[in-house]
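Input: a single structure, listed below in structure tokens.
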Amino acid sequence: MGRFARALAEFRTLGALALPIVVTQLAQMGMGVADAIMAGRVSATDLAGVALGGNLYWPLMLLMSGIVMAVTPSVSQLRGAGQVGASGAVVRQALWIGVFGGIALVVLLRNVEPAYRLLGVDERAIPVASEYVRAASLGLPPMLAFAALRCLCEGMSWTRPAMFVGLSMLALKVPLNWLFIYGNATLGVPAMGGVGCGWATAIVMAYAFVAMVVVVSVSRVRASGVFAAFSWPDGREIGRILRLGLPIGLALFAETAFFAVATLLIGRLGVETVAAHQVAFNIVGVSFMVPLSLGMAATIRVGFHVGAERLLDARRSAWVATATTAAWGITFSTVLLVWRHDLVALYTEEAEVIRLAAGLLLIGALFQVFDSTQATVMGALRGYKDTRAPMMIALVAYWVIGLPAGATLCFGFAGVEAIGIDGIWWGLVTGLAVVALALFARLALISGDPARVAHLRLR
């Protein structure tokens, strides 16, 4: 096969893997969109409360799920090396991490109200945000266990189970939202407003774990042996997973906490501004599911080729995924520029929120290009088990460069004129641009150096 033919074949393989992941991610994103739309129809205060609650909840959840994501490259490389049967023991230890980590987060998140008061966010939104987080936190232990089993399936290049479970989660989430947000006198359920989104989230997460246990138990994934034996926590194996997965979790936490703190800072500007930010961020987030999914597919493909010691194929997988996601980012940026007012109007009828959100999407067009690229390149590097350097890049770019720049532009400092929420978004763009460019250079270095690849593979 010629170079173009091989690249086209790889594009098709990545597409076959990524498409179910895209659907899964969009279904999960759809749950957030449902929260935003349905809470927004109650009031801007409920929408702001859900947004502020999510911006503490999701970064911590992603920190723990990122650790569990070490399962994907581990299983992919074992599969490439013809050692599928060894993957079950890895997953059983990841399940222990998920359960105990989830319980720790439940304790933490049920005591977050002082954090909101310390940050000085709008007092009207604090009760909704605090109660939303308290309710949703109960779903974290089963959700993290679900994530471990999902990563097992994806590491074995089988991405459809999570897609079907994800779609069923969305189908369950909307009526549960309706029940808890608006209440039902017949069933004795009171109207909870935005807080109801948290209870619906917890129930849906518990369902997802049960559904994935069933899928793994009756499918070809049984070959992993994950349920063939019981394992007590193994410090050595848990340590290996943590060495690989903790940098993944910290990188995800650095990014999502970067966005979360930005939202909390915006909370000082009033509920209408927070609502506009949430709407714009939801719209950009829907598009982000495609490059995120391509990154997850790249992890699978790169990991498989590295395990089979086909390094040229691994490099090709990484660059085809990167080129595809860059094209996607440019395409969706054009959509944002042309139809931003129409997209915002799907979320809210409040004129001030529409005006602010449509303005943010002008910046979001550039945001989209850099965010898309960094997500896929990060996924490709995970396939090589390269997680520590990307973590450091993310920490510096987001917290040393992006967030200070955004806060300075938003509120003004040392002679810099305050420009409000637009300043925060320019800070987000700056952080993402630095991450995208640095990770791009890192991928070029790692993928072209067999000695580095061999060293990383031993982790």
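Could you give the length gained on full extension between V416 and A115, defined as 0.36 nm per residue of separation minus the Cα-Cα distance, in nm? Working shown, then result.
Details: separation 301, 0.36 × 301 = 108.36 nm, distance 2.81 nm.
Contour length minus Cα-Cα distance gives 105.6 nm.
A simple rule links phi to the HN-Hα coupling: the Karplus curve 6.51 cos²θ - 1.76 cosθ + 1.60 with θ = phi - 60°, which for region 420-433 gives x, 4, 4, x, 4, 5, 5, x, 4, 4, 4, x, 5, 4 Hz, with x for Gly and Pro. Between the listed residues G40, M212, L176, the Cα displaced farthest toward the positive end of the dipole of the chain, a dipole computed from Cβ unit charges relative to the Cα centre, is found at M212. Each label was represented as a point 7 Å from its Cα along the Cα-to-Cβ direction; for I103 and E123 these points are 3.9 nm apart. Coupling constants for region 299-312 follow from the phi torsions by the Karplus curve (6.51 cos²θ - 1.76 cosθ + 1.60, θ = phi - 60°), and in residue order they are 4, 5, 5, 4, x, 4, 5, 5, x, 8, 6, 10, 6, 5 Hz; glycine and proline get x.
List the residues of region 213-235 whose backbone N lies under 16 Å from a point placed 7 Å from the Cα of A86 along the Cα-to-Cβ direction. Zone members listed by number: 224-226.
Hey, what number do you get for the chain at 222 nm if only DSSP H runs of n ≥ 4 count, each worth -39500 (n - 2.57), divided across all residues, to the nearest 500? Rounded to the nearest 500, the figure is -27500 deg cm²/dmol.
Add +1 for every Lys or Arg and -1 for every Asp or Glu among the other residues with Cβ under 12 Å from the Cβ of V195, and state the total.
Numbers: positive: R134; negative: D35, D46, E131.
That works out to -2.
Magnitude of the charge dipole for region 3-457, about its Cα centre and with charges confined to Cβ atoms of Lys, Arg (+1) and Asp, Glu (-1), is about 1800 debye. Taken along the Cα-to-beta-carbon direction at a fixed 7 Å, the label points for A345 and R236 span 6.5 nm.
Annotation: amide H of V189 within the under-5 Å range of N184, sequence separation 5 or more or interchain, hydrogens built in the peptide plane.
Ranking T159, A9, L62 by Cα position along the charge dipole of the chain, where only Lys, Arg, Asp and Glu carry charges on their C-beta atoms, puts A9 farthest toward the positive end. Residues of the chain were split at every exposed loop site, defined as GluC sites (Glu not before Pro) in a DSSP loop with at most 13 other C-beta atoms within 10 angstrom, and the longest piece left, sites excluded, is 124-348.
Quick note: the coordinates plus some simple rules give every number you see, no bench work behind them. Since the model is a prediction, treat every value here as computed from it, not as a measurement. A quick note on method: Cβ atoms are made from the backbone with ideal geometry, for glycine too, and the neighbour counts reach across all protein chains shown.
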